[in-house]
Amino acid sequence: IGSSRLSSQDVQTDLVVRVAGAAFPLHKVSRLPPAGRSLQLLVIRKAVAVATRPDPAATVEIELDGLPGGADAFEKAARYCYGANFEISARNAAALLCAAAFLDMQPADGGLARRVEEFLAQAGLRTLPNALGVARRAADAVALRICNEVLFPTRSPPEWWASELAALSPVSFHRVFTALRCRRAGPEVLVAAATAYAELLLADGKASDHRALLESVVAVLPSADDAPLPAAFLCRLLHDAVTTEASAKTCRDLELRLAAVLDQATAGDLLAFAFDGAGERVINTESLRRVIAAFVERESGAGRNRRASLSGAAALGAGALQKVAKMVDEVAAEIATDESLPISKFVGVAGAVPKDARATHDCLYRAVDIYLKAHPELDEIEREKVCSVMDTLKLSYTARLHASQNKRLPLQAVLSALYYDQLKLRSAGVGHDDEDNDARSEAGSARMQAKADAALARENEALRSELARMRAHMSSGMQQSKGSGSRTAATAAVAGKKASFFGSMSRTLSRLNPFRAGGGWSKDTSSIRESRGGAMNVVKPKRRRSSIS
């Protein structure tokens with residue numbers, strides 16, 4: 001341990017102060033020379049006052065932890081108190097100011113801080129290199145104090161220092177943050193400093209300069225590689241940026257930051273960002289869509305790299321995408337209740353995640369159904385646009401059964417669900433010969449139950465297909481009224497076909513076979529208009545009592 005003797009050789013020292021491994025033999029306060037220009041070392045005076053020793057003449061040892069500037073700053077402060085010479089320069093001025101504040105040697109007392117400020121005013125800040133050096137050293141002194149507090153807390157709560165950063169300007173905070181990185185502060189320290197500074201500064205800012213202040217704060221935030229900020233915090237910042245109409249650069253920066261940690265967000269975080277301040281109207285769907293799309297793009301690029309490496313990492317990435325997909329479905333279900341939300345906005349958010357990212361589309365179907373219920377005035381084409389975000393083939397049996405009875409869904413969506421169930425019924429009929437043997441086993445019992453459920457769906461299947469035939473008949477009747485030739489052909493078609501009810505239903509479903517386009521139904525609504533226009537040969541139904549009123 002190093003030692004530095006600053007006191008007079010004539011008076012025996014009775015006080016040893018240890019700072020950062022260095023020992024300083026001094027005198028107690030009562031024996032310090034009366035310099036007449038300082039309150040002396042207040043911290044030492046307090047430490048000696050509370051020290052209890054059996055022998056008042058015994059040497060007292062104290063240790064100062066967390067002193068800004070370390071041993072060098074303390075040595076100069078002690079020299080000042082003893083009236084000894086010491087040098088103030090642009091390199092140590094910031095550390096001396098911080099040490100003077102720590103030792104309570106303030107300018108109002110004519111102490112060390114005033115001496116340093118006089119130097120800065122007369123010489124230190126008169127040249128640009130010195131001024132920059134002072135700013136850099138000041139930032140480093142603050143960073144050193146923060147690091148010391150993290151390692152050896154002196155106050156409670158441990159992160160008390162974070163709230164004091166709001167006194168800094170954005171430029172000064174950026175210097176402090178750079179100094180923290182140079183001192184290899186941990187990510188948790190960087191995140192705490194950034195979040196506390198942004199929240200406190202923006203909370204204290206006036207409405208008139210909130211936009212400019214927000215843009216300044218975002219510009220000095222740490223990169224996602226240095227310290228990924230919490231998703232909830234980024235959602236709040238992005239909401240403020242959109243609300244105050246911040247610059248496109250600021251909004252895009254926040255969107256990319258949020259996309260990098262989107263799998264850590266919750267549906268509540270995204271909803272707080274998507275809705276207005278009152279939580280009544282959706283205002284940020286475009287920004288939300290860009291965030292989701294950026295996350296999907298990141299995962300797609302990272303997925304290719306993961307597939308080339310370990311399968312475990314690939315599974316982890318797939319899990320993150322599925323988690324975000326579920327979260328997006330929850331958000332879509334909530335924003336669907338907004339009666340003023342256009343179809344394009346809803347489809348943009350709900351369809352931002354690829355369809356194959358979801359193991360099942362039940363949650364997405366719920367969001368679609370809520371939107372259709374909140375917008376009953378939509379026509380058939382518009383409802384098909386809403387339903388284009390989901391795939392009926394990925395619905396569970398319960399969801400398909402509900403969809404087949406859902407009058408809010410467009411006809412093509414219902415037929416797609418029914419056609420899929422019809423194929424399953426035909427596949428189940430192949431194994432009819434082994435039914436008796438299968439019924440004896442547990443697996444056979446489950447199959448019998450599934451067939452019973454399918455039988456219940458068959459009646460609904462017939463009803464929905466009858467509705468389809470009635471709609472097709474009305475469409476063909478309108479075409480027949482335009483010319484006798486088409487009417488004669490339709491009449492001949494009715495007279496020449498004596499098919500059974502089930503066979504006629506199958507042919508109708510086959511003409512609307514959704515699998516010809518690769519599954520689901522087409523997003524292109526022009527194909528729907530063509531089918532209505534006569535491209536599909538429909539069979540005029542027999543005259544019978546209608547089963548649907």
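Backbone phi angles across region 385-401, fed through the Karplus curve with coefficients 6.51, -1.76 and 1.60 (θ = phi - 60°), yield HN-Hα couplings of 5, 5, 6, 5, 7, 10, 10, 5, 5, 9, 7, 5, 4, 5, 5, 5, 5 Hz in residue order; Gly and Pro are listed as x.
In whole percent, how big is the carbon plus sulfur part of the accessible area of region 71-158, probe 1.4 Å, protein atoms only? Solvent-exposed carbon and sulfur of region 71-158 make up 53 percent of the total. Considering all different alpha carbon pairs of region 167-263, the Kirkwood hydrodynamic radius works out to 13.5 Å. In loop segments of region 151-195 as defined by DSSP, the trypsin sites (Lys or Arg not before Pro) with at most 14 further C-beta atoms inside 10 Å of their C-beta are 155, 183, 184. For region 360-427, the percent of C-alpha pairs falling in each 5 Å distance bin, counted from 0 to the bin holding the largest distance, reads 3, 19, 32, 26, 13, 5, 2, 1.
The packing ranking, built from the mean of other Cβ atoms within 10 Å per residue, places the peptides 249-255, 138-144 in the order 138-144, 249-255, highest first. Relative protection proxy for 367-375, 86-94, from highest mean packing down: 367-375, 86-94 (other beta-carbon atoms within 10 angstrom).
Put simply, the amide H of residue 15, placed in the peptide plane, has neighbours under 5 Å in 26, 28, 60, leaving out anything fewer than 5 places away on its chain. Relative contact order for region 81-221: 20 percent, from Cα pairs under 8 Å spaced at least 6 residues apart, divided by residue count. Please list, in chain and number order, the residues 5+ apart from residue 281 or on another chain whose amide H is under 5 Å from its amide H, with Hs placed from the backbone. Residues meeting the criterion, in which the H sits 1.01 Å from N, are 276.
The values are calculated or read from the model by the stated rules, or taken from the named source; none is laboratory data. All values reported here derive from a predicted model rather than from experimental measurement. Positions of Cβ are generated from backbone atoms using ideal geometry, with glycine treated the same way; all protein chains shown enter the neighbour counts. Side chains included, ligands, DNA and RNA excluded: accessible areas come from the protein's heavy atoms. Shrake-Rupley method; radii C 1.70, N 1.55, O 1.52, S 1.80 Å.
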